[in-house]
Amino acid sequence: TAPEATATAPVEPAATGTVPVAPVAPVLTVDQQVGERLAELLAKKTDRRFDSKTRASLDSFYAARAHGPVWTSDGAVNARAKAVIAQLGNAEADGLDSDDYPVPQLSAGATPDDIAEFELKLNQSVLAYAKHAAVGRVHWSRTNGDIVYTETPPEAAEVMGKLVSVDGKDAGAALDGYQPQHAHYKALKAKLAELRGHKGDAHKRIAYGPALKVGMDDVRVPEVREKLGVAGTGTTYDKPLADAVKAFQKKKGLKQTGVFDSGTLDAMYGPRNDRTADIVLANLERWRWVPHDLGKAHVIVNIPEYMLRVYSNGEPVWTTRVVVGKPSKATPLLSETMKYITVNPTWNVPPSIVYGEYLPALQQDPTVLSRMGLNVSRRADGSIHVSQPPGAANALGRIRFNFPNKFLVYQHDTPDKHLFAHDKRAYSHGCMRVKDPDKYAEVLLGIALPKERYTAEKIRGMYGSGERNINFPTPIPVHLTYQTAFVDDHGKLVLRDDIYGRDQRLIAALKSDERKVADTPVERRREASAAPRRQAVRLPQEEPRSVFPLFNLFR
């Protein structure tokens with residue numbers, strides 16, 4: 001038989017003298033600790049340093065990289081940060097003010113909280129710079145009511161993504177890429193550097209930036225050393241350099257603080273408030289309003305110059321004179337696309353002319369419009385529409401160039417050719433009269449419809465009594481600009497009369513305390529200088545007869 005089972009007591013393990021140890025938590029790196037703090041800060045909706053849209057965009061960007069910091073590595077400022085800090089400090093080269101883009105300081109032994117604050121503060125300046133470079137330091141709506149540009153600021157995630165997609169040392173150039181890159185802007189920027197006392201590359205001048213005090217770290221320190229002939233290495237502003245700055249300040253009659261500030265920098269290179277330089281920086285700002293991609297083929301009208309130019313592949317291919325709006329009827333600033341031209345156009349008289357010039361005439365002589373070749377139609381509600389049929393005497397001449405816009409302005413021929421002989425040609429009601437419209441049409445159609453082989457002669461052969469539209473398969477951008485300072489084909493800086501009185505208002509906005517809110521758009525009523533809407537107007541009931549001299553209206 002099987003033996004009976006017997007119960008046995010469990011065997012106690014031998015005592016070892018050790019105590020069980022809890023699992024060891026992983027040690028977070030400095031970057032991971034900073035990332036945790038960044039995630040907390042970006043999640044705080046009460047944080048006022050960014051608006052809700054920007055904060056959400058930044059949070060999305062950082063979440064995709066586990067909230068790892070961009071501007072520091074293992075708790076130290078990295079090459080990427082140094083590159084963008086240098087670009088921010090050189091904002092003056094583009095007519096901006098580096099004081100608007102403050103650079104935070106990060107001391108040795110900074111905590112993760114300190115580093116996270118540094119990250120977000122630098123983001124504030126970087127994003128502000130990118131916005132101002134892309135669409136303007138001053139929003140165009142704050143200067144005049146007859147300006148409309150449709151560019152929008154880049155989103156925060158886009159800017160940050162662009163800056164981390166390049167090598168760290170190239171991040172400054174990537175940030176600079178938000179400035180206009182076309183030849184008009186770059187040439188004017190170079191002239192600003194010359195006016196401020198430095199020939200050639202503006203980057204060789206020591207940039208404006210935070211006032212440097214002993215112990216501060218700044219990428220400009222080696223340049224200051226070189227300028228003052230002080231030996232040393234590194235980017236720390238030390239006492240020997242401060243002593244050299246103090247000696248320079250004494251030589252220039254400045255207060256001897258040893259602090260390298262904007263006043264000391266101005267003493268080295270000359271002040272930045274030169275009147276011509278101010279005009280140039282205002283015109284750099286206007287270029288920032290215009291779409292930075294002007295188009296492979298495009299048209300630019302410079303209103304104060306009274307000139308129109310057609311460009312192809314970045315080069316001017318044709319130029320002509322234009323008549324622009326008089327100061328009381330200013331030609332608006334805008335960028336649109338030309339979609340078609342009209343041969344033998346009908347002129348639909350805008351309400352401003354009907355109200356301001358024709359209705360007073362009708363009150364004196366109801367036959368005056370018909371004697372001018374204008375058609376007047378009355379509608380059932382009592383409103384009237386005034387138009388002029390196609391023909392040699394038509395106010396629009398034989399051709400109209402159409403780029404639909406909210407101001408309803410366009411370019412056109414004119415029967416009044418003698419005005420093109422004048423040096424100053426601000427005579428119109430807002431539209432632009434073109435000196436050589438048939439040649440202009442040939443150039444445009446050669447770009448838009450090259451296989452059709454349009455010539456000026458062929459276009460003149462289409463003149464007659466019936467309207468005819470020629471559509472562009474690919475619209476051509478048209479930019480109406482206001483450049484009172486520009487660089488001509490010979491590399492010379494040219495200044496033009498500020499015919500609409502725009503410069504001083506913009507300069508003040510760029511240089512005064514208004515900058516704090518200047519990049520915010522405002523709603524404003526369209527000014528009298530803006531082109532009117534085409535709409536029906538009411539014919540007055542009283543129509544006494546007498547003679548009214550309207551035949552010279554377009555002369």
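Coordinate-derived values only; no laboratory data. Source: prediction; values computed, not measured. Positions of Cβ are generated from backbone atoms using ideal geometry, with glycine treated the same way; all protein chains shown enter the neighbour counts.
Placing unit charges on the Cβ atoms only, positive for Lys and Arg and negative for Asp and Glu, gives the chain a dipole magnitude near 2540 debye about its Cα centre.
Computed from backbone phi, the HN-Hα couplings of segment 281-295 come to 5, 5, 6, 4, 4, 4, 5, 5, 6, 6, x, 5, 8, 6, x Hz, rounded to whole numbers (Karplus: 6.51 cos²θ - 1.76 cosθ + 1.60, θ = phi - 60°; Gly and Pro given as x). Amide H to amide H, with H built 1.01 Å from N, PHE260 comes under 5 Å of LEU212, counting only residues 5 or more places away or on other chains. Rounded to the nearest 10 degrees, the angle from helix 183-195 to the longest Cα principal axis of the chain is 70 degrees. Residue ranges 93-102, 226-235 sort as 93-102, 226-235 when ordered by packing (mean number of other C-beta atoms within 10 Å per residue, highest first). Put the Cα centre of segment 326-383 next to the Cα centre of segment 388-405 and the gap is 12 Å. Among the lysines, which fall within straight-line cross-link reach of LYS511, defined as a Cα-Cα distance under 22 Å, with same-chain neighbours fewer than 8 residues apart omitted? Within reach: LYS131, LYS186, LYS189, LYS191. Please compute, over every Cα-Cα pair in segment 74-191, the percentage with a separation greater than 19 angstrom. Of the Cα pairs, 51 percent sit more than 19 Å apart.
Simple spin-label estimate for LYS424 and ARG65 gives 5.5 nm between the two label positions (7 Å along the Cα-to-Cβ direction from each Cα). For a straight C-alpha distance cut-off of 20 angstrom, the aspartates and glutamates reachable from LYS326 (same-chain residues fewer than eight places away being disregarded) are ASP146, GLU305, GLU357, ASP413, ASP416, ASP423, ASP497, ASP498, ASP503, GLU527. State, as an integer percentage, the relative contact order of segment 30-269 based on alpha-carbon contacts under 8 Å between residues 6 or more apart. About 19 percent, as a whole number.
Sorting MET372, MET338, MET432 by the number of Cβ atoms found within 10 Å of their own Cβ, with the fewest placed first, yields MET372, MET338, MET432.
Global size of segment 58-101: 13.4, 37 Å for Rg and Dmax (C-alpha atoms, Rg to one decimal, Dmax whole). Relative contact order for the chain: 17 percent, from Cα pairs under 8 Å spaced at least 6 residues apart, divided by residue count.
Cα centroid separation, segment 497-525 to segment 412-485: 32 Å.
Note on SER377/VAL522: beta-carbon distance plugged into 1/(1 + (r/R0)^6) with R0 of 41 Å gives a FRET efficiency of 0.55. Axis of helix 30-43 versus longest Cα principal axis of the chain: the two differ by about 50°, to the nearest ten degrees.
Relative to the longest principal axis of the Cα atoms of the chain, helix 112-135 runs at roughly 10 degrees. A straight chain from ALA267 to ASP488 at 0.36 nm per residue would run longer than the Cα-Cα distance by 76.5 nm.
The calculated 222 nm mean residue ellipticity attributable to helices in the chain amounts to -9000 deg cm²/dmol, summing -39500 (n - 2.57) over DSSP H runs of n ≥ 4 and dividing by all residues. Find which of ALA277, LEU408, TRP289 sits farthest along the positive direction of the dipole of the chain, computed with +1 on the beta-carbon of Lys and Arg, -1 on that of Asp and Glu, about the Cα centre. Checking the options against the dipole of the chain, the answer is LEU408.
Along the axis of the charge dipole computed for the chain (Cβ charges of +1 for Lys and Arg, -1 for Asp and Glu, origin at the Cα centre), the listed residues PRO477, VAL245, LEU41 are led at the positive end by PRO477.
Kirkwood radius for segment 30-269, taken over all pairs of different Cα atoms as the inverse mean of 1/r, rounds to 19.3 Å. Each semi-axis of the equivalent ellipsoid for segment 289-439 is √(5λ) with λ an eigenvalue of the Cα gyration tensor; in descending order they amount to 31, 16, 15 Å.
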